[in-house]
Amino acid sequence: MYSWSTDELPAADRFAHWREERGKVASGVTIELDPGERATFQGRMSARPVGGAALVEMQASAYHVSRTEADIARVPGDALILSEQVRGGGALIAGGREFIVTPGTISTCYSDLPYVNVPARQPGFECRMIAIPLKSHRALLNPRDDLWLRPLDVAPGLPAMLAAYFHAFVREAPHLSGVAADHAVATLVQLTLMARGSSSAKEESGRAAIREGLLQRVRDVVAINLDRADLSAPQVAAALGISERQLHRLFEPTGMTFARHVLACRLERARLVLKQYPALSVADVAKRCGFDGVSTFYRVFRKAYGLSPTDLRQGTGV
């Protein structure tokens, strides 16, 4: 992973370097900032390759940024872009439309279309971006697709699946490599295009991406509700608007049933809580992780890890 910060430069040179090297040369964008605010400018960024894509995370003082026709001609990207506004926000203008971007907004676009981003009055921003070169995914594109920069609609269905998969991708990026990384990138492309209304949803690969996105939503619902001892397949299915049969079928390719997935999540969370919160009693840990009793917790924990929760705290394993 590559990382860089303006702290490596004299204060007087920081904004100029960020504007020219990080903006104009590397990203192909035009950056503007009031001269009176340049002396206090700060910025840091990191980039991690994941399959054929790149995950970029950035924090900086707020500035006006645009990608003009001249920028595109100078630094073409030919990539699909997914970005999340983690902190900060402002107005986004692209394709003759204007949107307000707030923290948590996920946007998607084709890299080589112009846009303007005007920050709200704020000290700085934080965002993360996934750039996916389209060379290997060209067949999925429809010439009629509208890929101007747009915020993702806050809605159930495909937008929710894409948001869930985006967050899982960012979370798992340090551990993804090889075939798994390539598969995750391809799934992101499919979900993005379908969330934007592409006809590729009719293809088998599109249906597979929908299954992946829906499975990630199931995992997210389980993670949020692990403290509930009564968490069940019917409850999760109802929360997502699918049948219980559909829910169980989502897990078939994983080699793990829904019930086994929930138990594995409970055990892993319990293992972490036992280590990180030594003041909590074993009974409290069991309850917080959704086990319906201490005796059950001891039994399944020993079966999974080969030692008891008490042994783990005493440092004898795992």
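How do the peptides 162-170, 129-137, 73-81 rank, highest first, by the average count of neighbouring beta carbon atoms within 10 Å per residue?
So the order, starting with the most tightly packed, is 162-170, 129-137, 73-81.
Would you indicate which of (i) 1.03; (ii) 0.98; (iii) 1.09 is the value of Rg/Rh (Cα atoms, Kirkwood Rh) derived from the coordinates of this structure?
(i)
If you split all Cα-Cα distances of segment 1-121 into 5 Å bins from zero, what percentages do you get per bin, shortest first?
All Cα pairs, binned at 5 Å, distribute as 2, 10, 19, 24, 23, 15, 5, 1, 0 percent.
Quick one: compute the contact order of segment 270-318, relative version, from alpha carbon pairs under 8 angstrom and 6+ residues apart, as a percent.
That works out to 32 percent.
Please report, in cubic angstrom per residue, the volume enclosed by the convex hull of the alpha-carbon atoms of segment 98-209.
Taking the convex hull of the Cα positions in segment 98-209, it is 124 Å³ per residue.
Where the only charges are on Cβ atoms (+1 Lys, Arg; -1 Asp, Glu), what is the dipole of the chain about its Cα centre, to the nearest 20 debye?
The dipole magnitude comes to about 1040 debye.
Amide H neighbours of ALA120 under 5 Å, counting only residues 5+ apart in sequence or on other chains, H built in-plane at 1.01 Å?
For ALA120, the qualifying residues are GLY89, GLY90, ALA91.
Return the sequence-ordered ³J(HN,Hα) values of segment 96-102 in whole Hz as given by the Karplus equation 6.51 cos²θ - 1.76 cosθ + 1.60 applied to θ = phi - 60°, using x for Gly and Pro.
x, 10, 10, 10, 9, 10, 10
Length gain on complete extension for the stretch ILE93 to ILE242, per 0.36 nm per residue less the alpha carbon to alpha carbon distance?
The ILE93-ILE242 span can extend by a further 50.0 nm.
So how exposed is GLU126, as accessible area in Å² (1.4 Å probe, rounded to 10)?
GLU126 has an accessible surface of roughly 50 Å² with all protein chains in place.
Normalised by the residues of segment 1-57, what does the relative contact order come to in percent, with Cα pairs under 8 Å and at least six apart? Don't skip to the answer; put the middle values down first.
On the way: 59 pairs, mean separation 25.4, N = 57.
Relative contact order of segment 1-57: 45 percent.
Enumerate the amide H contacts of ASP153 below 5 Å, restricted to partners 5 or more residues apart or on another chain; note that Pro and chain-start residues carry no placed amide H.
Answer set, sorted by chain and number: none.
Once amide H atoms are placed 1.01 Å from N in the peptide plane, what residues at a sequence separation of 5 or more from VAL86, or on another chain, have their amide H within under 5 Å of its amide H?
Amide H neighbours of VAL86: GLY104, GLU126, CYS127, ARG128.
If you average the C-alpha positions of segment 192-260 and of segment 297-317 separately, how far apart do those two centres end up, in angstrom?
31 Å
Put a dot 7 Å past each Cα toward the Cβ at LEU272 and ARG299; how far apart are the dots in nm?
Output for this residue pair reads 2.7 nm.
Using DSSP, restrict attention to beta bridges with both residues in the chain and report what percent are antiparallel, rounded to the nearest 5.
Antiparallel: roughly 100 percent of the beta bridges in the chain.
Dividing the alpha-carbon Rg of segment 197-318 by 2.2 N^0.38 Å yields what?
After normalising by residue count via 2.2 N^0.38 Å, the value is 1.27.
Calculate the radius of gyration of the Cα atoms of segment 132-273 to one decimal place, then report Dmax, the largest Cα-Cα distance, as a whole number, both in Å.
Here Rg and the maximum Cα pair distance are 16.1, 51 Å.
Determine ³J(HN,Hα), in whole Hz, for all residues of segment 44-58 in sequence, where each value follows from phi through the Karplus function 6.51 cos²θ - 1.76 cosθ + 1.60 and θ = phi - 60°; x replaces Gly and Pro.
8, 8, 9, 9, 10, x, 9, x, x, 9, 9, 9, 10, 10, 9
Compare ARG14, ARG97 by solvent-accessible area with a 1.4 Å probe and give them largest first, with all protein chains kept in place.
Largest to smallest exposure gives the sequence ARG97, ARG14.
Of CYS289, CYS265, which has the most accessible area with a 1.4 Å probe, and how do the rest follow in descending order?
The ranking, largest first, comes out as CYS265, CYS289.
Give me the percent relative contact order of the chain, please, defined on Cα pairs under 8 angstrom at least 6 residues apart. Write down the numbers at each step before the final one.
On the way: 505 pairs, mean separation 38.5, N = 318.
The value is 12 percent.
Would you work out which of ALA164, PRO253, LEU80 lies farthest towards the positive end of the dipole of the chain, given +1 charges on the beta-carbon of Lys and Arg and -1 on that of Asp and Glu, about the Cα centre?
PRO253
Which whole-Hz couplings ³J(HN,Hα) result when phi for each residue of segment 11-21 is put into the Karplus expression 6.51 cos²θ - 1.76 cosθ + 1.60, θ = phi - 60°, listed in order with x for Gly and Pro?
3, 5, 9, 5, 5, 4, 5, 4, 5, 7, 7
The values are calculated or read from the model by the stated rules, or taken from the named source; none is laboratory data. Computed from a predicted model, the values in this text were never measured in an experiment. For neighbour counting, all protein chains shown are included, and Cβ atoms are generated from backbone atoms with ideal geometry for every residue, glycine included. Side chains included, ligands, DNA and RNA excluded: accessible areas come from the protein's heavy atoms. Shrake-Rupley method; radii C 1.70, N 1.55, O 1.52, S 1.80 Å.
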